[in-house]
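A short worksheet on the structure shown next.
The values are calculated or read from the model by the stated rules, or taken from the named source; none is laboratory data. Note that the coordinates shown come from a computational prediction; the quantities given were computed from them, not determined experimentally. When we count neighbours, we look across all protein chains shown, and the Cβ atoms used for this are built from the backbone with ideal geometry, even at glycine.
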Amino acid sequence: MSTESENIEELVNRRYAHGFVTDIASEGLPPGLNEDVVRAISALKEEPEFMLEWRLRAYRQWLEMVEPEWAHVHYPRIDYNSISYYSAPKSDKDRPKSLDEVDPKLLETYDKLGIPLHERARLAGVAVDAVFDSVSVATTFKKKLSEAGVIFCSFSEAVKNHPELVRKYLGTVVPQRDNFFAALNSAVFSDGSFVYIPKGVRCPMELSTYFRINAANTGQFERTLIVADEGSHVSYLEGCTAPMRDENQLHAAVVELVALKDAEIKYSTVQNWYPGDENGVGGIYNFVTKRGDCRGANSKISWTQVETGSAITWKYPSCILRGNNSVGEFYSVAVANNYQQADTGTKMIHIGRNTRSTIVSKGISAGHAQNAYRGLVRVMPQAQGARNHTQCDSLLIGKECGAHTFPYMEIKNPSARIEHEATTSKISADQLFYCRQRGISEEDAVNMIVNGFCKEVFNELPMEFAVEAQALLNVSLEGAVG
Amino acid sequence: MSEPAFNHEALLQAVRDLPVDSLTASRRDAANLFVARGFPTVRDEDWKYTDLSNVIEISQQSLQVASAPAAIDEDLLRQTQANLDAHWIVIANGKVLEQHSPGTNIPGVQSGSLQKTDLAIDEPLADLNLALLRDGLKLDICAEFAPDKPLGLLFIDTVENAVASTHARVNISLERNANARIVEAHVSSGPAQHYSNCVLHLDLAEGAVCEYLRLQDRATNHSQTARLNVSLKRDSSLHHGSFDLGGRLTRNDLNVAIQGRNATARFNGLYIVADGQHVDNHTKVDHLVGPAISQQEYRGVLSGHCRAVWNGKAIVHKGADGTDATQANHNLLLSDAAEIDAKPELEIDADDVKCAHGTTVGQLDERALFYLRARGISKPDAKRILTRAFAATIVNTSPISEAHEFLGGQVEERLRTIDDGRQS
C-alpha cells in the first residue's frame, strides 16, 4: 500500500482552496460582551424597542446558562469577552443601489469563491441575499419575488419593514433560552435572512444566501427565519466558505422554520467553512441551532446538509412534527478530515397523528477526525401512527479517525413503528482492486465509492448544489484511502 | 427533579458498625468515595431514563432500621432449586448460606473470600455495595472442572415487615482452558420494600469458555441494581443470556472488556415488563484488541403502564482491527402507557471493523395477524402466537440448553398474564 500512502499524503497536504482574506477595513465594536454591547448592536441596526427588549431578555438568560459539554468534541474554553460582536464592511453608510456600486473588492471575493454574484444569480435564476460579515450588501431578484408576494430580505430590513411578522414568529421555534448558543445568538445576532411565503404561493425560484465570515475575531451570529404560510412551498439554499485564519472563529447561528397547514419548506445547506490546517490549527467553531416546526396539518420540512468544513461542528437540524400527517426529513453527509470534529444529527419530535420522519445520515471520517451522529426520535403519547426510519452509516478512512453513533429513541405510543439501522465500514481493498483492475485510477475509484456512499443524500439536493457538493466532497477526501 | 435526601452520616456509621475483618479498610474507603459522589441521578447520562428515588428511600430507611435479617423463605428456595438443576451456592440476604451451598465443594471449584485486590470498580453503586458488603465470595474454576450440571448462584432475599437492602458481591475466575456453565438466579419474597445491589465480576483466562444464564424473577415490590463486569482474554468465549421477568425497578449493567485476540462475546436478553415495572438494561463492550467478535440481541415485550430502557454501547478502541460488533434491540409495545427508551451506541476509533446495530419498536405485524386470521385463528390466539414467537427467538438461543424448557414456561406464564389483562 506504499503508493497509496504517498497518494494520501499528497492529497492530505492539499491546502484549503478558499483561504484568502479580503482587505476591507471593518468597522466594528471592540471585543467584549455586556448589556451595553447588546444595546449598541440594537441601536446600530436602528431596531424598534421590542427587539432591544427581546435581545436583553435573551442576554440575561444567557448569563445564567452554562456552556454544554456533552458533545463528543474537544476544544479550549471560549472566552466570550475576547470576541467582537459586531463588524460591518466600511461602505455600509452609503449602501449601494445596485451591484455595480458594490465595493469591487467584495465582488472580487465572490469571484474567488467561484460564484460571481450577479451572473450566478441571473444564470441560475437564483435570488441571492449575500451576507458579507454582518450586513447585507446586495439583494437581487427582489422584483420578481415581490410580484409573487414573497418577502425575502435581510433580517434587519424585516425588523424595520415587517415588524409584525418578526414579532409573531421570532423565537417561537427556538426560544431564547433553548440552549446556551441560541441564547447568545438571540442577544447579539447581527443579521441574517427573513423569508415569508404567503398563502398558497409556490416560491417562483430557489432562494439562496451565501454566508461568509470575513473580519478576524468576529463572531458571526446569523439569524434566519422562514415562514411558509398555508399551502405554500419554498426551497432555500444556504452555502458558505470562509477565509483562512489561524484564530478560531465562533459561529453560533439560529435558523427557525415555520410551516403552516399544507406548507412545505426544503432547506439545503452546503457548509464549507475553514476547517483548520492539517495540524488542527485554526478553523471555525460552528455551534448552530436549526429547528423547523411543522405547525399545520400535512406540512413538510426537509433538511438536507453537506457538511465538509469547520474545525468543530455542533449542529442538529430538527423537526417538531406538531400537525397531523406532517412529515420531517433529514438527509446529511458529514465529512471530517485532518483534526476536524463533527457532532451532528437531528431530532424528530412526533406530536401529531400519522406523522412520519426519515433520517439518512452518512458520516465520513479521515485523518485524525472525529465524526459523531447524535439523533433523537421521540414519539409522544398522542402521536398515534407515528413512523420513523433512521439509517446512519459511517465510512472510516485511515486508522486515526473515529466514527460514533448516539441515537436516542424515546417511544411513548404503542402504534409507533420505529426502525433504526447503523453500519460502519471502510473502503475495502476488494472494492478498490475491482475498480483498479478495470483501469480506474485509485483516486477516481475512491471518489466513485464515496459518492456512491453519499448518493442517497445528494439526490435530495437541488441540482446546482448537488454538483457543488460532489466537487467539494472530492476535494475534501481525494485519495485518503485506508 | 429532586431526589430524596440520603443521610451520608448514617451510611458512614453503618459501615463503622460492621464487624472488623480483612475488608474493613476497603469498606471505609468505598464509603468515603460513595459519599463524595452520591447516588447517580437522571442528570447523569447513564441514568437519564432511570430514576433511583425509590432505591434511595429504601437504602435510607434500611440504614435506620437495624433489625436482624428475616428468616429465609425456604419454600421459595426449594422451589427455585427444583426448577433449575444445578450445584447451588445460595447467598441469602447478602450472606453465603453454607448448608445450602454444595456448589462451593465440588471438584474443580475453589471458593474463598474476596481480597482487597479483587474489589476495584469505579462506579458509585459498586462503592455502595462494597461499603455495606458483609460477605464476599470468590470462586476459582479450574480446567478440571467438568460437572454434570451447571454451577448455580442463587441470590435470595426475604423481607418481613421492615424495609431492607442487601449488598452481594461475587468474583468468578475461569482458569486457562476451563469450561464452565453458570446459572445466576435472583428471587425474593416478602411484603416490605427491598433493594438488592449485586456486583459480579467474571474473568475468563486464555481459552476459557463460559455459558452464563441470568434469571431475575423478584417480587414486584422489590428493586435491584446488578452489575456484571467481564474480562475476556485471548481465545476465550462467553455466551450470556439474561432474563428479566420480575422486580419493580431493575437495572442491569453488563460490561464486557475484550482484552485478548479472538475472544467472542455473545449475549442475548429478554425483558417482559408489565404494569408498574421498570427494566433498564445497559450493556457496554470494550473492544480493546482485535480481531474479536461481539454480538448482542435484546428483545422486550412491554405491557401496562411500564417503562423499559435499553442502552447498548460498543466501543472499538484504537488498534482493535478486525472487530466485528453487532447489536440488535427489538421491542413490542402492547399498551398505550408503555414506554421504551432505546439507545444503541457505537464509538469507533479503528478502521478495519465491521459494526452494525439495529433497533425496532412496534406492534405485532398487521399482515402476520391477517395471515393467521385468514386461516381461521382467532385474534387473541393469533396475537398470542406472534408474541410467543417474538420471545422464543431469545429463549431458544439462550445458553444452558436444559433450562430452555423452564424458561419457556416462565415466559409463557408472563405472556398469559398480559393476554388476560388485554382481554379484560
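Does B:THR24 satisfy the criteria of being surrounded by 19 or more Cβ atoms within 10 Å (Cβ to Cβ) and of a type in the set (Val, Ile, Thr)? The answer is no for B:THR24. Part of a helix (DSSP H, G or I), touching a helix residue (DSSP H, G or I) at 6+ places or on another chain (Cβ under 7 Å) and more than 14 Å from chain B (Cβ to nearest Cβ): is that true of A:LEU461 in this structure? It is false that A:LEU461 is part of a helix (DSSP H, G or I), touching a helix residue (DSSP H, G or I) at 6+ places or on another chain (Cβ under 7 Å) and more than 14 Å from chain B (Cβ to nearest Cβ). Residue check: is A:ILE449 more than 9 Å from chain B (Cβ to nearest Cβ), in a helix (DSSP H, G or I) and at negative phi? It is true that A:ILE449 is more than 9 Å from chain B (Cβ to nearest Cβ), in a helix (DSSP H, G or I) and at negative phi.
The condition of being among the hydroxyl-bearing types (Ser, Thr, Tyr) and closer than 30 Å to A:MET380 by Cα holds for B:THR359. Would you say B:THR117 is polar (S, T, N, Q), more than 19 Å from B:CYS198 (Cβ to Cβ) and part of a helix (DSSP H, G or I)? Yes, satisfied. Just one of the listed residues (B:SER303, B:SER294) is crowded, with 22+ Cβ neighbours inside 10 Å and over 25 Å from A:CYS401 (Cβ atoms), namely B:SER303. The set of residues from the stretch B:84-133 being among the basic types (Lys, Arg) and at pLDDT 85 or above comprises just one member, B:LYS95. Residue count for the stretch B:318-340, restricted to those that are part of a strand (DSSP E or B), aliphatic (A, V, I, L, M) and either more than 8 Å from chain A (Cβ to nearest Cβ) or closer than 17 Å to B:ILE293 by Cβ (or both): 3. Residues in the stretch A:305-329 that are within 19 Å of A:VAL173 (Cα to Cα) and of a type in the set (Val, Ile, Thr): A:ILE320, A:VAL327.
With respect to (1) surrounded by 12 or more Cβ atoms within 10 Å (Cβ to Cβ); (2) assigned to a loop (DSSP other than H, G, I, E, B); (3) modelled with pLDDT under 85, the lone exception for A:LEU33 is condition (3).
Return the residue satisfying two criteria in turn: it lies in the stretch B:59-80 and is closer than 13 Å to B:VAL159 by Cα and in contact with a strand residue (DSSP E or B) (Cβ under 6 Å, 6 or more places away or on another chain), and of such residues it is farthest from the other protein chains (Cβ to nearest Cβ). Top of the filtered list is B:ILE72. Of all residues in the stretch B:159-189, those being in a strand (DSSP E or B), over 17 Å from the mean Cα position of the chain (by Cα) and farther than 21 Å from B:VAL15 by Cβ number 5. Applying a threshold of 7 Å to beta carbon distances and a minimum spacing of six or more residues, or different chains, the list of pairs starting in the stretch A:48-62 at a residue that is without any contact (Cβ under 8 Å) to a residue 60 or more places away in the chain and ending at one that is surrounded by fewer than 16 Cβ atoms within 10 Å (Cβ to Cβ) reads A:LEU52/A:ARG39.
Among the residues of the stretch B:357-383, those that are part of a helix (DSSP H, G or I) and among the hydrophobic types (A, V, I, L, M, F, W, C) comprise B:ALA368, B:LEU369, B:PHE370, B:LEU372, B:ALA374, B:ALA382. Taking the criterion of being polar (S, T, N, Q) and either in a helix (DSSP H, G or I) or closer than 30 Å to B:VAL109 by Cβ (or both), the residues of the stretch B:45-88 that qualify are B:SER53, B:ASN54, B:SER59, B:GLN60, B:GLN61, B:SER62, B:GLN64, B:GLN79, B:THR80, B:GLN81, B:ASN83. Of note, B:LEU232 does not satisfy the criterion of being closer than 26 Å to B:GLU160 by Cα and either surrounded by fewer than 24 Cβ atoms within 10 Å (Cβ to Cβ) or at pLDDT 95 or above (or both). For first residues located in the stretch B:349-361 and at the interface with chain A (Cβ under 7 Å from one of its Cβ atoms) and among the aliphatic types (A, V, I, L, M), partners that are assigned to a strand (DSSP E or B) and crowded, with 21+ Cβ neighbours inside 10 Å and lie 6+ apart or on another chain with Cβ distances below 6 Å form the pairs B:ALA350/B:VAL316; B:VAL353/B:VAL316; B:VAL353/B:THR323; B:VAL361/A:ILE411; B:VAL361/A:ILE418; B:VAL361/B:ASN331; B:VAL361/B:ILE340. Counting only strands (runs of 3 or more DSSP E) that sit wholly inside the stretch A:318-425, those with at least 1 residues that are at the interface with chain B (Cβ under 10 Å from one of its Cβ atoms) are A:356-366, A:370-379, A:387-397, A:402-411. Annotation: of all residues in the stretch A:36-91 being among the acidic types (Asp, Glu) and assigned to a helix (DSSP H, G or I), the one that is surrounded by the fewest Cβ atoms within 10 Å (Cβ to Cβ) is A:GLU49.
Yes or no, residue by residue, for (1) touching a strand residue (DSSP E or B) at 6+ places or on another chain (Cβ under 8 Å); (2) free of Cβ contacts under 8 Å to residues at least 24 places away in the same chain:
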residue	(1), (2)
B:ARG37	no, no
B:ARG43	no, yes
B:ASP46	yes, no
B:GLU57	no, no
B:ALA82	no, yes
B:ILE89	yes, no
B:GLY108	yes, no
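Based on this model, can you work out whether B:VAL230 counts as outside any loop (DSSP other than H, G, I, E, B) and in contact (Cβ under 8 Å) with a residue 60 or more places away in the chain? Taking the combined requirement at face value, the residue does not satisfy it. If you go through the stretch B:153-177 and pick out every residue that is more than 30 Å from B:LEU63 (Cβ to Cβ) and surrounded by 24 or more Cβ atoms within 10 Å (Cβ to Cβ), you end up with 1. Restricting attention to the stretch B:113-135, the residues that are surrounded by fewer than 23 Cβ atoms within 10 Å (Cβ to Cβ), farther than 17 Å from B:LEU254 by Cα and touching a Lys or Arg at 6+ places or on another chain (Cβ under 7 Å) total 5.
Taking the stretch A:374-421 as the range and being in contact with a strand residue (DSSP E or B) (Cβ under 7 Å, 6 or more places away or on another chain), surrounded by fewer than 19 Cβ atoms within 10 Å (Cβ to Cβ) and of a type in the set (D, E, K, R) as the test, the residues that pass are A:ARG417, A:GLU419, A:GLU421.
For the stretch B:322-333, the set of residues classified as touching a Ser or Thr at 6+ places or on another chain (Cβ under 7 Å) and surrounded by fewer than 21 Cβ atoms within 10 Å (Cβ to Cβ) consists of B:HIS330 only. Summed over the stretch A:450-480, the residues that are buried (at least 18 other Cβ atoms within 10 Å of the Cβ), over 19 Å from A:SER302 (Cα atoms) and at pLDDT 85 or above give a count of 2.
Filtered by the rule that a residue be of a type outside the set (S, T, N, Q) and under 17 Å from A:ILE41 (Cα atoms), the stretch A:183-198 gives A:ALA183, A:LEU184, A:ALA187, A:VAL188, A:PHE189, A:ASP191, A:GLY192. Filtered by the rule that a residue be of a type in the set (Lys, Arg) and in contact with a Phe, Trp or Tyr (Cβ under 9 Å, 6 or more places away or on another chain), the stretch A:353-397 gives A:LYS362, A:ARG374, A:ARG378.
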